[in-house]
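Input: a single structure, listed below in structure tokens.
Readers should treat all values here as calculations from the given coordinates under stated rules, not as data from a laboratory. Model, not experiment: these values are computed from the prediction. Cβ coordinates were reconstructed from backbone atoms using ideal geometry, including for glycine residues, and neighbour counts include every protein chain displayed.
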Amino acid sequence: MNNAIDIQNNQDLAFFGKINANISHELKNILAIISETAGLLNDLTVLAEKGKKIDMDMFRTCSQDIEEEIQRGFATVKQMNTFSHSVDTSVKSVNLLNILKLMINIAGFLSYASKTRVNAPQDAELMILTCPYQLQHLIYQVLVVAFKTTGTGEEIQISIYPEKNGDVRIIFSDLGELYDEKFPIDKILAIAASIDVKIFIADDFQTFDLLIPEAIKTVTMMGAHD
């Protein structure tokens with residue numbers, strides 16, 4: 001039993017480290033663009049000081065590029081903080097759509113990430129009682145599989161359907177062959193089981209559903225992060 005717990009704890013830490021590595025890499029890219037653009041601004045300034053005629057649009061474009069990257073950096077840091085605080089409480093009420101969008105954004109940092117289109121009801125609150133960290137872990141892992149089956153030039157459809165009993169179904173469609181990725185692997189099944197999520201795969205292996213309960217019935221060691 002202790003060995004199983006240790007393995008799961010290691011997997012949880014590995015996921016936490018993986019996400020932070022992805023985010024830090026994204027921040028590094030942002031800083032690199034800012035540094036390069038600032039260098040260009042400096043070169044233009046030197047030329048202007050030497051009496052060279054410089055098109056002011058070049059200064060304006062560089063300034064706008066830096067501002068855009070700064071805003072992207074702020075958004076990335078906000079995503080990092082939101083993810084980091086998901087371990088603060090083992091089980092709590094969360095907005096499923098917010099968690100889905102957060103993990104789509106973070107998984108989007110992957111070099112092989114596909115485009116995604118989220119179809120969600122406008123008036124549904126989509127509040128569920130779950131372990132936020134493990135739900136994020138599950139959504140991230142299935143997004144990785146979905147991206148691998150499609151590719152960067154394709155678009156994945158992600159549709160959200162509230163059930164009458166309060167559960168929520170997330171359908172991932174327009175995928176490649178899930179069979180090639182041996183989906184779902186044991187790790188994904190274990191994460192899903194820890195938060196009472198059920199996985200259904202279509203006969204064509206190009207669509208799958210996550211059925212997420214309105215409230216988890218059990219809190220296993222996988223979801224414990226007090």
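With θ taken as phi - 60° and the Karplus curve 6.51 cos²θ - 1.76 cosθ + 1.60 applied, the whole-hertz 3J(HN,Hα) list for segment 56-63 is 5, 4, 5, 5, 5, 5, 4, 5 Hz, x standing for glycine and proline. Computed from phi, the 3J(HN,Hα) profile of segment 163-173 under the Karplus parametrisation 6.51, -1.76, 1.60 (θ = phi - 60°) reads 8, 5, 8, x, 5, 10, 10, 10, 10, 9, 9 Hz, with x in place of Gly and Pro. Evaluated on the chain, the Kirkwood hydrodynamic radius is 19.6 Å, with distances taken between all distinct Cα atoms.
In segment 2-86, inverting the average of 1/r over every pair of distinct C-alpha atoms gives 15.7 Å as the Kirkwood radius. Using only alpha carbons, segment 129-204 has a radius of gyration to Kirkwood radius ratio (Rg to Rh) of 0.96. Across segment 41-47, computed HN-Hα scalar couplings (Karplus, 6.51 cos²θ - 1.76 cosθ + 1.60, θ = phi - 60°) run 4, 5, 4, 5, 5, 4, 5 Hz from first to last residue, x flagging Gly and Pro. The antiparallel fraction among DSSP beta bridges confined to segment 10-163 stands at about 45%. Normalised by 2.2 N^0.38 Å, where N is the number of residues, the alpha-carbon radius of gyration of segment 89-223 equals 0.99. For K78, the lysines whose Cα comes closer than 16 Å to its Cα, not counting residues fewer than 8 places off in the same chain, are K28, K101. Rounded to the nearest 10 degrees, what's the angle between the helix 132-150 long axis and the longest principal axis of the chain, both from Cα atoms, 0 to 90? Taking the Cα atoms of the chain, the angle to 132-150 is about 70 degrees.
Of the peptides 71-78, 96-103, 52-59, the order by per-residue mean of other Cβ atoms within 10 Å, starting with the highest, comes out as 96-103, 71-78, 52-59.
Of the trypsin sites (Lys or Arg not before Pro) found in segment 126-186, those that fall in a DSSP loop while having at most 12 other beta-carbon atoms within 10 Å are K164, K182. Excluding the site residues themselves, the longest part of the chain lacking any GluC sites (Glu not before Pro) in a DSSP loop with at most 12 other Cβ atoms within 10 Å is 1-124. Building the convex hull from the alpha-carbon atoms of segment 84-130 and averaging its projection over directions returns 4.1 nm².
In plain terms, the residue of Y133, Y161 with the fewest other Cβ atoms within 10 Å comes first and the most crowded comes last, giving Y161, Y133.
Computed from the Cα positions only, the extents of segment 167-210 along the three principal axes stand at 27, 23, 13 Å, in decreasing order.
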